[in-house]
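The values are calculated or read from the model by the stated rules, or taken from the named source; none is laboratory data. What you are looking at is a predicted structure, and each value in this text was computed from that prediction instead of being measured. FYI the Cβ positions are ideal-geometry reconstructions off the backbone, even for glycines, and counts take in every protein chain you see. We work out accessible area using only protein heavy atoms, side chains counted, and drop any ligands, DNA or RNA first. Shrake-Rupley method; radii C 1.70, N 1.55, O 1.52, S 1.80 Å.
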Amino acid sequence: MSVLDAAGPQAARIAGLWSLMLWTSVAVFVLVVAALGWALVRARADHRRPWPAPLVHPGPERGAVAVVSAAVVATVVVLFVFLVASVSTGHGLASLGGADELTITVTGHQWWWEITYDDATPARRVVTANEIHVPVGRPVRVVTDARDVIHSFWVPSLHGKRDLIPGHTSTMVLRADRPGVFRGQCAEFCGLQHAHMLLLVVAEPPPAFEQWLAGQRQAAASPADERARHGQRVFMSGPCALCHTIRGTEAGARLGPDLTHLASRTTLGAGIMPNNPGHLAGWIVDPQHIKPGSNMPAIALASEDLQALLAYLGGLR
Ligand SMILES: [Cu+2]
């Protein structure tokens with residue numbers, strides 16, 4: 001994660017402002033240190049003059065008055081340039097947009113991200129978690145909200161931070177100009193697992209994005225074999241269905257992440273571990289060990305039920 005690794009126009013503006021401020025400050029620092037060094041050298045030269053010093057104080061040196069005045073003027077100019085640059089960066093950040101915008105809603109939860117792709121037809125809306133896919137080159141309007149406490153959405157390669165405030169939506173528009181996977185992180189302390197609230201933004205060429213979106217619109221895959229069918233029964237009859245949605249099944253709760261296409265995601269637990277059967281099993285058996293305080297309880301399962309559940313969840317591509 002780096003603010004200086006800009007992948008879109010908004011992040012590039014912020015990085016530009018950062019560079020301007022950094023290099024101006026470096027120049028000012030060098031000049032101040034040089035002036036200080038010069039003053040010290042002169043003071044030593046003064047010291048070598050015969051003592052006692054002349055009784056009549058010579059008054060302020062004319063050269064010094066000029067230098068100090070110039071420094072004051074330069075300081076005012078530098079601060080003014082910073083002011084103009086930061087106001088114009090602010091305007092630039094708010095100016096992106098266009099007719100072909102894609103709108104997504106990001107909702108912060110303790111301690112994961114709910115992502116919704118809006119669509120005029122409700123049946124075509126897509127809900128996922130912790131992983132945002134965006135098409136390269138197309139503006140994305142991100143509407144932010146929070147369910148419980150204040151969080152902050154921050155993907156430094158794409159844009160600055162945006163606080164997510166419960167009951168108060170706000171929007172920002174970003175654009176990725178090159179494909180890649182950009183990491184984001186909650187940037188506002190939101191409780192015990194704040195540091196474990198990561199997300200990924202996957203920027204891909206528009207055709208790949210459309211393909212992904214079409215896949216996410218589908219209802220969940222039905223279990224492929226008897227074991228997976230058993231796993232589905234475990235999911236539906238156990239506590240899992242009280243908190244999670246799997247579209248196309250009777251599980252429709254919204255307390256935890258939507259699991260309809262769980263297997264298509266690359267990470268688990270809001271970006272803290274890779275999505276593979278081992279980590280998935282560890283998570284289901286004891287989420288409190290991996291993410292103490294998280295809102296998913298440890299669930300005791302017989303070994304064959306757990307294996308069946310893994311087979312079922314592994315098939316949710
Ligand atoms: Cu947080």
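Per residue, the chain reaches -13000 deg cm²/dmol at 222 nm when only DSSP H runs of four or more residues are counted, each adding -39500 (n - 2.57).
Against the criterion of solvent-accessible heavy-atom surface with a 1.4 angstrom probe, ARG317, ARG42 sort, most first, into ARG317, ARG42. Which residues make up the longest stretch of the chain clear of GluC sites (Glu not before Pro) that lie in a DSSP loop with no more than 11 other Cβ atoms within 10 Å, not counting the sites? Longest run free of exposed loop sites: 62-249. Distances between placed amide hydrogens fall under 5 Å for GLU131 paired with LEU200, all partners being 5 or more residues away or on another chain. Sorting VAL127, VAL28 on solvent-accessible area from highest to lowest, probe radius 1.4 Å, gives VAL28, VAL127.
The portion of the accessible surface of the chain made up by carbon and sulfur, rounded to a whole percent, is 65 (1.4 Å probe; DNA, RNA and ligands excluded). Using 0.36 nm per residue and subtracting the Cα-Cα separation, the extra length available between LEU4 and GLU226 on full extension is 74.8 nm.
A simple spin-label model places pseudo-atoms 7 Å from Cα toward Cβ; at VAL77 and LEU31 they are separated by 0.7 nm.
The Cα-based radius of gyration and maximum Cα-Cα distance (Dmax) for the chain are 28.5, 105 Å.
For the chain, the membrane-span-like helices by this rule, meaning whole DSSP H stretches whose C-alpha atoms cover at least 30 Å of axis and whose Kyte-Doolittle mean is 0.0 or above, are 9-47, 62-93; this says nothing about an actual membrane. A simple rule links phi to the HN-Hα coupling: the Karplus curve 6.51 cos²θ - 1.76 cosθ + 1.60 with θ = phi - 60°, which for the range 239-248 gives x, 3, 5, 6, 10, 10, 9, 10, 4, x Hz, with x for Gly and Pro. Pairs of Cα atoms under 8 Å, at least six residues apart: use those to get the relative contact order of the chain, whole percent. In percent, rounded to a whole number, it is 16. Starting from the Cα of ALA12, step 7 Å toward the Cβ, then list every residue of the range 176-201 with an amide N under 12 Å from that point. Hits in the range 176-201 for ALA12 at 12 Å: 176-178. Once the C-beta distance of ASP119 and THR24 is scaled by a Förster radius of 35 Å, the resulting FRET efficiency is 0.15 to the nearest 0.05.
Evaluating 6.51 cos²θ - 1.76 cosθ + 1.60 at θ = phi - 60° for every residue in the range 135-149, the Karplus couplings come out as x, 5, x, 10, x, 10, 8, 9, 9, 10, 8, 9, 8, 10, 10 Hz, glycine and proline recorded as x. What the chain shows is 54 Å² of accessible area per residue, with the surface traced by a 1.4 Å probe over protein heavy atoms. Pick from ARG44, ARG233, ARG147 the residue whose mean-square fluctuation is largest in a GNM of the chain, springs joining Cα atoms under 10 Å. Answer for the Gaussian network model of the chain: ARG44. Given a Förster distance of 51 Å, report the FRET efficiency between ASP100 and ALA300 from their Cβ-Cβ distance, rounded to the nearest 0.05. The computed FRET efficiency comes out at 0.55. For the chain, a crude dipole built from +1 on the beta carbon of Lys and Arg and -1 on the beta carbon of Asp and Glu, taken about the Cα centre, is about 1000 debye to the nearest 20.
Counting heavy atoms of the protein chains alone, TRP112 has an accessible area of about 20 Å² for a 1.4 Å probe. Relative to the 2.2 N^0.38 Å rule of thumb, the range 154-233 has a C-alpha radius of gyration ratio of 1.52.
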